[in-house]
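Each remark here refers to the structure printed beneath this line.
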Amino acid sequence: MQALIVVDAQNEFSAEGLRAVPNHSEALDRIRIRVQQARKERRPIAWVRHYNMPNESRAFVPGTWGSELSPGLGPESGFGPEQLFEKDVYGAFTGTRLEGWLHSVGASRLLLVGFYTHMCLSTSAREVLIRGFDVEIDPHATGARDLEDETVGRLTADEVRRSALLHLVNMGATMAAMQEPVKGSLAVSAK
């Protein structure tokens, strides 16, 4: 059975947040569609929320607007099993009970969506791969930000997102295609 893992779909990544993602609205729309599909099929959904300590950053501090899940997202009853997991590191499996929960609901395949593609989503995907789960990622349900370093150069948010996804494909993840078209999005070809 495939479970959906929603990684850090939090207000902080919106245009008003401290870690704004340029494609946030489009990615969030796609995440919502993936959640609707999982609920319709009564598949498990793991919600992952990131927190920072106040001395680490002003972003993702517990109890702040930025740390909350994006509007309309979060566990609901009446569908398949849904559980919220909280973390304070990049990977969704480190220091959480996510792996045990996935086994308890019979998940062997995982579909990952969320933010930052190059940080928490990528780290979580790598953790999933080394634990023996099959991993799919919806590339249109992810987002990153511009990165720049005086030694290695600059990449746009889209280049960062695509580069992180290419690394994950090289490690064994697959890119998921939508069964039904999403209005206004690019087509995604299945591998």
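The values are calculated or read from the model by the stated rules, or taken from the named source; none is laboratory data. Computed from a prediction, not measured in an experiment: that's the story for all the values here. Neighbour counts are summed over all protein chains in view; Cβ atoms, including those assigned to glycine, are modelled from backbone coordinates with ideal geometry. For accessibility, only protein heavy atoms count, side chains too; no ligands or nucleic acids. Shrake-Rupley method; radii C 1.70, N 1.55, O 1.52, S 1.80 Å.
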Next on the checklist: I'm checking my understanding of the structure. Among residues of the stretch 24-54 that are within 16 Å of ASN11 (Cβ to Cβ) and touching a residue at least 60 places away in the same chain (Cβ under 8 Å), which one is most open to solvent (accessible area, probe 1.4 Å)?
Outcome noted: ASP29
Next on the checklist: I'm trying to understand the selection: among the residues of the stretch 1-23, which are touching a His at 6+ places or on another chain (Cβ under 9 Å), under 19 Å from ASP158 (Cβ atoms) and in contact (Cβ under 8 Å) with a residue 60 or more places away in the chain?
Outcome noted: VAL7, ASP8, PHE13, ASN23
Checklist outcome for this item: Requiring at least 3 residues that are among the hydrophobic types (A, V, I, L, M, F, W, C), the strands (runs of 3 or more DSSP E) wholly within the stretch 122-167 are 134-143
Item to check | Selected residue (criterion: least open to solvent (accessible area, probe 1.4 Å)) from residues of the stretch 86-111 that are within 19 Å of LEU69 (Cα to Cα) and aromatic (Phe, Trp, Tyr) | outcome: PHE93
Item to check | Leading residue by the ranking (nearest to ALA3 (Cα to Cα)) among those in the stretch 101-117 that are assigned to a helix (DSSP H, G or I) and hydroxyl-bearing (Ser, Thr, Tyr) | outcome: SER104
Checklist outcome for this item: Scanning the stretch 127-137 for residues that are surrounded by fewer than 18 Cβ atoms within 10 Å (Cβ to Cβ) and in contact (Cβ under 8 Å) with a residue 12 or more places away in the chain gives LEU129, ARG131, ASP134
Checklist entry - Being surrounded by fewer than 24 Cβ atoms within 10 Å (Cβ to Cβ), farther than 24 Å from ASP29 by Cα and more than 13 Å from the chain's Cα centre (by Cα), is that true of even one residue in the stretch 114-126? => result no
Item to check | Members of the stretch 46-89 found to be touching a Phe, Trp or Tyr at 6+ places or on another chain (Cβ under 9 Å), in a loop (DSSP other than H, G, I, E, B) and not charged (D, E, K, R), listed by number | outcome: TYR51, ASN52, PHE60, VAL61, PRO62, SER70, LEU73, GLY74, PRO75, PRO81
Checklist entry - Could you count how many residues in the stretch 67-84 are free of Cβ contacts under 8 Å to residues at least 40 places away in the same chain and surrounded by 19 or more Cβ atoms within 10 Å (Cβ to Cβ)? => result 1
Item to check | Of the criteria (1) farther than 24 Å from GLY66 by Cβ; (2) in contact with a Leu (Cβ under 6 Å, 6 or more places away or on another chain), which one ARG154 fails | outcome: (2)
